[in-house]
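A short write-up of the structure that comes next.
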Amino acid sequence: MQTIGELATVEVRTMTAPSVEEAVSTPTVVLDSSGEAWKVIVGGIGYPAVVLARGTLLTDVSANQALLRTVVRTVPGVVVVDDGRVAGFVPREQLIDLLVMGGRVRNDLGSDPLLHGEPRTVSGAVRVRCRTCRTINSYDFYLPGDEKPCEQGHPLDPDLD
């Protein structure tokens, strides 16, 4: 079965305090002081970070409709982590091509093996930092403008600038 890590072919830069100019040409994953990804900057625009472990099966990703909606509508792609460290980036277009098109995966040989296996739950993959308290919140689904609570109990003020 194919994993998200096998798709992470796009080089990505990680920074703790990137400038917009530095983040225009290369996807940039913004990390907090502990190394946790909380934002992705592409083309000078900040987005929530959707973070998946390298070993996450595509079957699991395709079965999570909330996660797919977030990827399709909100973010430029998925940050892939290996043992807590950023290992790569999978662009949204590549995921849409692979997962949304009838649940089929194209491999390098040109065949279309079906995704198979029982899906497991993928939860808390969408990370949004609160501007008010700087807490990194984990959600199953997030769209800009959503009124979500911060894990600290107050309304989330998303830090996406």
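The values are calculated or read from the model by the stated rules, or taken from the named source; none is laboratory data. Model, not experiment: these values are computed from the prediction. Because the Cβ atoms are built from the backbone with ideal geometry, glycine has one as well, and the counts that use them run over all protein chains shown. Surface accessibility is based on the protein's heavy atoms, side chains included, excluding ligands, DNA and RNA. Shrake-Rupley method; radii C 1.70, N 1.55, O 1.52, S 1.80 Å.
Of note:
- Residues of segment 23-36 that are touching a Ser or Thr at 6+ places or on another chain (Cβ under 8 Å) and either open to solvent by less than 50 Å² (accessible area, probe 1.4 Å) or among the charged types (D, E, K, R) (or both): Thr28, Val29, Val30, Leu31, Asp32.
- Where a residue in segment 73-87 is of a type in the set (S, T, N, Q) and its partner, wherever it lies, is modelled with pLDDT of 90 or more, with Cβ under 7 Å and at least six apart: Thr74/Tyr47; Thr74/Pro48
- Taking each residue of segment 132-161 that is of a type in the set (Val, Ile, Thr) and looking for partners that are open to solvent by less than 30 Å² (accessible area, probe 1.4 Å) and not in a loop (DSSP other than H, G, I, E, B) with beta-carbon atoms closer than 6 Å, six or more apart or interchain, yields Ile136/Trp38; Ile136/Arg129.
- Filter result for Ala49 (modelled with pLDDT of 90 or more and either touching an Asp or Glu at 6+ places or on another chain (Cβ under 8 Å) or among the acidic types (Asp, Glu) (or both)): no
- Of everything in segment 39-57 that is under 15 Å from Val80 (Cβ atoms) and of a type outside the set (A, V, I, L, M), the residue that is surrounded by the fewest Cβ atoms within 10 Å (Cβ to Cβ) is Gly55.
- Extreme residue, farthest from the chain's Cα centre (by Cα), among residues of segment 124-137 that are farther than 25 Å from Gly43 by Cβ, open to solvent by less than 80 Å² (accessible area, probe 1.4 Å) and not hydrophobic (A, V, I, L, M, F, W, C): Thr135
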